[in-house]
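The values are calculated or read from the model by the stated rules, or taken from the named source; none is laboratory data. Everything numeric here is computed off the predicted structure, so don't read it as measured data. Neighbour counts are summed over all protein chains in view; Cβ atoms, including those assigned to glycine, are modelled from backbone coordinates with ideal geometry. All accessible areas refer to the heavy atoms of the entire protein, side chains included, with ligands and DNA or RNA removed. Shrake-Rupley method; radii C 1.70, N 1.55, O 1.52, S 1.80 Å.
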Amino acid sequence: MSITAVVVAGGRGEVDVLASVSGEPMVARSVRVLLATGLVDHVLLLDVGMRGDSLIRACSGLPVSMRDEFPRTLSGMRPHGTQRADTTAGDGVVTGSSTDVVLLHDAARPLAPPELALAVVAAVRRGHELAVPVLPLADTVKQVDAEGIVRSTPDRSGLRVVQTPIAIRGDLVDPGLAADPVAMATRHAAAGGAVHTVPGHSAAFTVRNAWDLELAELLAGKLAR
């Protein structure tokens, strides 16, 4: 099975994926997560937030190319031969099929361990359609009505928090949902598709705000020791 690795640089929130964690942009860290698996030697940056060359500069020296939208087929997602990090993706023909695996990772999850990518790819290689890392839901969840009144307490024993990276068979990729890997998994399940889960990791959290960024800084420093 061939593997196409994609890091999704989503819309700009309180903390942008160009923000640094321990001296390195989050998007570059997320690229390194996929490269560290040894499964791929090139990563496609999906520039959802229209950051342009800023993404390429943030990943200077890394084997990346960039697109601003997911192609309708896997055509053009891999460069022809060796490609410089400051160029855009090539236009070679790659047919999306059941023998292709697409690995999608959110750039806002810079501390996800490479083992998660290895686990989801291994699951798809074993025959699963789509695989996602998950963690048990630790918080108590309440269902409230339109007035904010608590009406019920869902049983959290069967609830999970979905993380990235995810892996999906190439012929099942929905290009319109590639900008949100978790939404792709959700839609696939809602349509009757099978979504396999693997154990997630607490470090694979999304950095959305200043508090998350401070936590990521502390954790990155600890992991580097």
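Residue by residue, here is whether (1) surrounded by fewer than 18 Cβ atoms within 10 Å (Cβ to Cβ); (2) at pLDDT 90 or above; (3) out of contact with any helix residue (DSSP H, G or I) (no Cβ under 7 Å at 6 or more places or on another chain) holds:
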site	(1), (2), (3)
A89	no, no, yes
T95	yes, no, yes
H105	no, yes, no
H128	no, yes, yes
G148	yes, yes, yes
P154	yes, no, yes
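Consider A146 carefully, then state whether it is in contact (Cβ under 8 Å) with a residue 12 or more places away in the chain and of a type in the set (G, A, S). No; evaluated as a whole, the condition is false for this residue.
Can you tell me which residue within segment 1-27, out of those that are among the aliphatic types (A, V, I, L, M) and out of contact with any strand residue (DSSP E or B) (no Cβ under 9 Å at 6 or more places or on another chain), is nearest to E214 (Cα to Cα)? Break it down into steps so the answer makes sense when it comes.
Restricting attention to segment 1-27, the residues satisfying the condition of being among the aliphatic types (A, V, I, L, M) are 1, 3, 5-9, 15, 17-19, 21, 26-27.
After this cut, where a residue has to be out of contact with any strand residue (DSSP E or B) (no Cβ under 9 Å at 6 or more places or on another chain) as well, the list is 15, 21.
Working: V15: 11, V21: 9 Å.
Going through the qualifying residues, I end up with V21.
Summed over segment 209-225, residues that are open to solvent by 30 Å² or more (accessible area, probe 1.4 Å) and either farther than 22 Å from V120 by Cβ or in contact with a Gly (Cβ under 6 Å, 6 or more places away or on another chain) (or both) total 11. Among the residues of segment 1-27, those identified as surrounded by fewer than 23 Cβ atoms within 10 Å (Cβ to Cβ), in contact (Cβ under 8 Å) with a residue 40 or more places away in the chain and not in a strand (DSSP E or B) are M1, G10, G13, E14, V15, L18, A19, S22.
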